[in-house]
Amino acid sequence: MNTSLKNTARMLGAGLRALLVLSVVCGVLYPLAVTGVAQALFSAKADGSEITDGSGRTVGSSLIGQTYTLPKQDPDEVAEPDLRWFQPRPSNGLGSNSVNTGYALILSGATNRAADNADLVRWVTEAKAAVVADNSTASHPVRPQDVPADAVTSSGSGLDPDISPEYAQLQVHRVAERNGLPAAEVAKLVAEHTEGRTLGFMGEPRVNVLELNVALKDMSKA
């Protein structure tokens, strides 16, 4: 019996020591090491890829899209886009289950509708008509065939912060007119904020909408 108790106590002691050592190594030392490396080498990404405006105020993250809408007069009305700014792609989230029209972080997901689904066809048709109407100016009308796919469809997450260079260029004349800026300068701004494929071959060229609008705000003040 004595031997059995001693063996049990020894095993419990070994287990407790292992628990203590692993807790310190895995729960303290490893997280501190990873955090330290992340802060030393990738501090901006480690802190959430925050974007600041000209005054140093944090205005969002480069990883999450956001809307640019006019203030609502009634909480129940649909927010209208503020056409002074470049607009992101739609954010339809989970469709009829819970439509994420405001880039709400409480949910993320796609519509999960087939290309011939009646609801999806209607959404795309209405979105294309709105893009044409919103972005056409007296000197530069937009044709329906010029509207890129990302202007009328949401991403898989519904939270995409980027748009295609084609969609950004389509908005140039409207943004320039609304802000009293030369279209050539706004087009140059888009070109400066266009990123190529990752490592030259992965993904597609893209424009981060928040970064572009921060630069537009600075240009408007100049």
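Summing charges over all other residues whose Cβ lies under 12 Å from the Cβ of D119, with Lys and Arg as +1 and Asp and Glu as -1, gives 0.
Rounded to whole numbers, the Karplus 3J(HN,Hα) couplings from phi for the stretch 205-221 are x, 8, 10, 7, 5, 5, 4, 5, 5, 5, 5, 5, 4, 5, 5, 5, 7 Hz, using 6.51 cos²θ - 1.76 cosθ + 1.60 with θ = phi - 60°, and x at Gly and Pro.
Give the shape of the stretch 49-221 as rounded, prolate or oblate, defined through the alpha-carbon gyration tensor: a ≥ b ≥ c are the square roots of its eigenvalues, a/c under 1.5 means rounded, and otherwise the shape is prolate if a/b is larger than b/c and oblate if not. In terms of gyration-tensor shape, rounded.
Between amide H atoms placed 1.01 Å from N, distances below 5 Å from T137 occur with V142, all of them 5 or more places distant or on a separate chain. Residues whose amide H lies under 5 Å from that of V59, counting only those 5 or more places away or on a different chain, are I51, T52, D53; hydrogens are built 1.01 Å from N in the peptide plane.
Helix 183-192 and the long axis of the chain differ in direction by around 20°, with both axes built from C-alpha atoms. The phi torsions of the stretch 62-79, fed into the Karplus equation with coefficients 6.51, -1.76 and 1.60 and a -60° offset, translate into couplings of 6, 9, 10, x, 8, 8, 10, 10, 6, x, 7, 7, 10, x, 8, 7, 7, 5 Hz, rounded to whole numbers, with Gly and Pro shown as x.
Here, each number is a calculation from the coordinates, and none is a lab measurement. Model, not experiment: these values are computed from the prediction. In this analysis, Cβ positions are derived from the backbone assuming ideal geometry, glycine residues included, and neighbour counts consider all displayed protein chains.
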